[in-house]
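J.: Here it is, the structure, as structure tokens.
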Amino acid sequence: MGTEWVAVGLSRDLPAGVAMPALWQGRELAVWRSASGKLSAWNDRCPHRGMRLSHGFVRGETLACIYHGWVYGTSGSCIHIPAHPDLVPPATIKAETFLCVEAGGVIWVGAAGATDTPPEFAGYVPLRSVATQADAAALAQASGLEQAAQGLLGSTAAGGVCLILSTSQTKTTIHALAAKEADRVALSRWLDGVVRRAEERVLA
Amino acid sequence: MILYDYVLSASCYKVRLMAALVGERLDLQAVDFHPGREHKSASFRDLNPAGTLPVLVDGDLLLTESTAMLVYLATKAGGWMGSGAVNAAQVQGWLAFSARLGASLGMARLHDMLHYPVDIAAVRRAGVDCLRELESHLTEARFAGRIFLVGDGPTIADIACFPNVALAPDGGVALDDYPSIRLWMRAIRSLERFIEMPGIHRLHELKPAPEAV
Ligand code: FES
């Protein structure tokens, strides 16, 4: 059923060599893709002094913190400390890692030990991710879409759309998927309108 | 070519960046914008009565608007202006948009860094509106396989808009929620001859590893 999984971003927004921030159940994550394409999701805090690892940079199969340059391998373990180049970092210096997979162009993070697989949306392709102050109820009302397991589903003048909603204390992130034959530009503009209308309700 | 310059100013950086990208050498004259307020002094206003930075002087030409300086540098070098009626018009649209970025994200940064007296909530809100417009536009560009604001390559539109967007976190406006803006900034930061300013870095991936320096 895929209920143990939360969408944190779209594959198209995370090419090889890029790190980006994401939210998962109220936790700040750094999600990044190595040069060879390996995906990782970590707590967005450097074990050294807590700098956001999503501000770091990918070199090959490693993520380096932007602050003092500590280098972490895809397992999360620190493998190099520039200020002590001859030191082999102790195994205890390790970024907290999360279960992270891609399915249908969506990046999912699951609870430790998640046994099922993330949901698939056959016939849909990733459109874009948008964050809003509006909640799921306001988005449902403004969009006119039907409630579905992971969010909202339905058709618009621009074509079919599926909005996967990930909520945190501060915002709702919408990961929008478009039906394969939909007009992506028109759907993207429709989504901007939905967000504006839903937020007007929140602020009213 | 002389640029009267303040290193932390987003507008001055636009001009330094453009000059670097087209290979134009600038003679930088540092102006004590903060804390000296030298740009408001009588002698500086003899040069630029508006009392603003940057100022570009090339022989008899004196320019006091950073977008005008971008036009001058780009036209002299060739390219960067958008070709054809549609692209040229769109470049002008983004130059006007860059003024909105300055009045919103730019003012939020001046408030947080130099205590400018502005309605901080209002300028941040206006800044978020600008970022959303930019994100939507860049998302559409990516649907068409493009990454820059106008056409297939970088133009002065990108250079005019980039600094105040990249520096938005200095004014308390986060960039976390804008994936297309993130990839657009990466494309700009990896341009050949790109230069940095405090708070804006070249793509680290393109630099030698620190231990190799
Ligand atoms: S905080 Fe990351 S290396 Fe120091």
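Read-outs throughout are calculated quantities, based only on the coordinates presented, and are distinct from any laboratory measurement. Just so you know, these numbers come straight off a predicted model, no measurement behind them. With ideal geometry, Cβ positions are generated from the backbone for all residues, glycine too; neighbour counts draw on all protein chains shown.
J.: Calculate the mean, over all residues of peptide A:120-129, of how many other protein chain Cβ atoms lie within 10 angstrom of the residue's Cβ.
T.: What the average comes to for A:120-129 is 2.
J.: Under a Cβ-Cβ limit of 4.7 Å, which cysteines in chain A have nobody to pair with?
T.: Among the cysteines of chain A, those whose Cβ sits 4.7 Å or more from every other are A:Cys78, A:Cys100, A:Cys162.
J.: Taking each residue of B:134-144 in turn, how many C-beta atoms of other protein chains fall within 10 Å of its C-beta, and what is the average?
T.: That average works out to 4.
J.: Residue by residue through B:174-180, how many Cβ atoms from other chains fall within 10 Å of the Cβ on average?
T.: Going residue by residue through B:174-180 and averaging, the value is 6.
J.: Would you mind putting B:110-121, A:155-166 in packing order, based on average other-beta-carbon counts within 10 Å, highest first?
T.: Ranked by mean Cβ neighbours within 10 Å, highest first: A:155-166, B:110-121.
J.: Another question about this same structure. Report the FRET efficiency, 1/(1 + (r/R0)^6), for A:Gln141 and B:Asp27, where r is their Cβ-Cβ distance and R0 is 56 Å, rounded to 0.05.
T.: About 0.40, to the nearest 0.05.
J.: Using 0.36 nm per residue of separation minus the Cα-Cα distance, give me the extension gain between A:Ser11 and A:Lys38 in nm, one decimal.
T.: Length difference between fully extended and current span is 8.5 nm.
J.: Separate question: How tilted is helix A:184-203 with respect to the longest principal axis of chain A? Cα atoms for both, answer in degrees (0 to 90, nearest 10).
T.: Value to nearest ten degrees: 90.
J.: Counting pairs of alpha carbon atoms under 8 Å apart in space and at least six apart in sequence, what relative contact order in percent does the stretch A:124-203 give?
T.: Relative contact order comes out at 39 percent.
J.: Write down the Kirkwood hydrodynamic radius of the stretch A:124-203, to one decimal in angstroms, obtained as one divided by the mean of 1/r over all alpha carbon pairs.
T.: With all distinct Cα pairs of the stretch A:124-203 included, I get 12.2 Å.
J.: OK, next. Among DSSP beta bridges lying fully in the protein assembly as shown, give the percent that are antiparallel, nearest 5.
T.: Of the beta bridges lying entirely in the protein assembly as shown, close to 95 percent run antiparallel.
J.: Enumerate the helices in chain B for which the Kyte-Doolittle hydropathy averages -1.0 or more and the C-alpha atoms extend at least 20 Å along the helix's axis, using complete DSSP H runs.
T.: Span-like helices, by this rule, are B:84-101, B:120-143.
J.: Out of the DSSP beta bridges found with both residues in the stretch B:2-77, what percent are antiparallel (nearest 5)?
T.: 60 percent
J.: Using helices alone, what [θ] at 222 nm do you get for the protein assembly as shown, with -39,500 (n - 2.57) per DSSP H run of 4 or more residues, divided over all residues and rounded to the nearest 500?
T.: Computed ellipticity for the protein assembly as shown at 222 nm equals -10000 deg cm²/dmol.
J.: Using Cα centres only, tell me the gap between the stretch A:154-200 and the stretch B:108-183 in whole Å.
T.: Taking the Cα centre of the stretch B:108-183 as reference, the centre of the stretch A:154-200 is 21 Å away.
J.: So for the stretch A:5-110, averaging the separation of alpha carbon pairs under 8 Å that are six or more residues apart and normalising by length, what relative contact order in percent results?
T.: 26 percent
J.: Apply the a/c threshold of 1.5 to the C-alpha gyration tensor of the stretch B:2-77 and tell me whether it is rounded, prolate or oblate.
T.: Prolate is the answer for the stretch B:2-77, as a/c is 1.5 or above and a/b outweighs b/c.
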